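Worksheet: the structure to be examined is printed underneath.
The values are calculated or read from the model by the stated rules, or taken from the named source; none is laboratory data. A quick note: this is a predicted structure, and the numbers were derived from the prediction, not measured. When we count neighbours, we look across all protein chains shown, and the Cβ atoms used for this are built from the backbone with ideal geometry, even at glycine. What goes into the accessible areas is simple: the full protein's heavy atoms, side chains included, and nothing from ligands, DNA or RNA. Shrake-Rupley method; radii C 1.70, N 1.55, O 1.52, S 1.80 Å.
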Amino acid sequence: MNVLGIDIGGSGIKGAPVDTSIGALLADRRRIDTPQPSTPDAVVATAASIVRFFSWEGPVGVAVPSVVQGGIAKTAANVDSQWIGAPGEELLSAAMGRPVVLLNDADAAGLAEIRFGAGRGEAGVVLMVTFGTGIGSGLFVDGKLVPNTELGHLEMHGMDAEHYAAGRIQEEDGMSYDDWGDRVNEYLNYLHRLFWPDLIIAGGGISKEWDAWSGRLSVPTRVVPAELRNDAGIVGAAVAAVSG
Ligand code: BGC
């Protein structure tokens, strides 16, 4: 089935129609800067403009950088705090005039990788970790998602892990890939000690530079780069809308 997937991030809102049977985009994605402040009203209006851009009349799946329970956003680390408690699914659905499924962005990215990418056919415990504006996590047990893990907020060196090792930190602080890779190594070893996953999939924007920093990794768990790269959130949001 074809579904419009939309991935809302701290810096950009991206969307494209997706063939959910093969996990492929059916058109170039449309990207719009995330409005600032990134209030629910402003973000919902931008997301709805993507629906109009594609003249989309089918189902829509939307990923957000928040814990989502029952269609309601419960946290907001990298978007405006008005998202906390906002009925995101309902607001999006009203603005788009069609049913919408809302879920966490890293959960969405993980769904895409499990179905079509680096986690295909993997049994056991698989942990998707996205390194972008923040750090997101998606935990899967035998292919089934345990939603809303927030492992970017584990504490490291007295701060949120995402303030220590997100992709944004490398960019903004102009860190070398070696130094940043060492931080990611430390973080992934921490995750290993807590969860003993069978596989860790590293995603997010910076996974494109995998060759530049993965040499720093020395983790007892197998770590592989995401295969859908930056499209994972879009594809996973679309997949979530048709898999209930
Ligand atoms: C948020 C998560 C999100 C991650 C990646 C974190 O700050 O708390 O919900 O998945 O950023 O966007």
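The table below gives the values:
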| read-out | value |
| --- | --- |
| Net charge contributed by nearby residues that have their C-beta within less than 11 Å of Val219 (K/R +1, D/E -1) | +2 |
| Full-stretch length increase - Leu26, Leu194 - with 0.36 nm per residue and alpha-carbon distance subtracted | 56.6 nm |
| Antiparallel %, DSSP beta bridges [both residues in segment 121-226], to 5 | 55 |
| Portion, in percent, of the accessible area of segment 50-106 that falls on carbon or sulfur, probe 1.4 Å | 51 |
| Simple label model, 7 Å out from Cα along Cβ direction - Arg120 to Asp211, nm | 2.2 |
| In nm, spacing of pseudo-spin labels at Glu186 and Asn2 (7 Å Cα→C-beta vector) | 4.9 |
| Karplus 3J(HN,Hα) series, Hz, for segment 188-199 with 6.51 cos²θ - 1.76 cosθ + 1.60 (x for Gly, Pro) | 5, 5, 4, 4, 4, 5, 8, 10, 6, x, 7, 8 |
| Efficiency of FRET from Cβ geometry, Phe54 and Arg222, R₀ 41 Å, rounded to 0.05 | 0.65 |
| 18 Å Cα-Cα reach of Lys208 towards lysines, excluding residues that sit fewer than 8 places from it in its own chain | Lys14 |
| DSSP beta bridges in the chain [antiparallel fraction, %, rounded to 5] | 60 |
| Accessible area per residue, Å², the chain with all protein chains present, probe 1.4 Å | 41 |
| Under 5 Å, built H, 5+ apart or other chain: amide partners of Asn104 | Val64, Val68 |
| Estimated 222 nm signal from helices in the chain, with DSSP H stretches of n ≥ 4 weighted -39500 (n - 2.57), rounded to 500 | -9500 deg cm²/dmol |
| Charge dipole (debye, nearest 20) of segment 1-118; +1 at Cβ of Lys and Arg, -1 at Cβ of Asp and Glu | 140 |
| Cβ-derived FRET efficiency at R0 30 Å, Asp178 paired with Gln36, nearest 0.05 | 0.40 |
| Förster radius 22 Å - calculated FRET efficiency between Arg98 and Ala45 (Cβ-Cβ, nearest 0.05) | 0.90 |
| Accessible-area composition of segment 181-244, carbon plus sulfur, in percent [1.4 Å probe] | 44 |
| Rounded accessible area of Met128 (nearest 10 Å², 1.4 Å probe) | 0 |
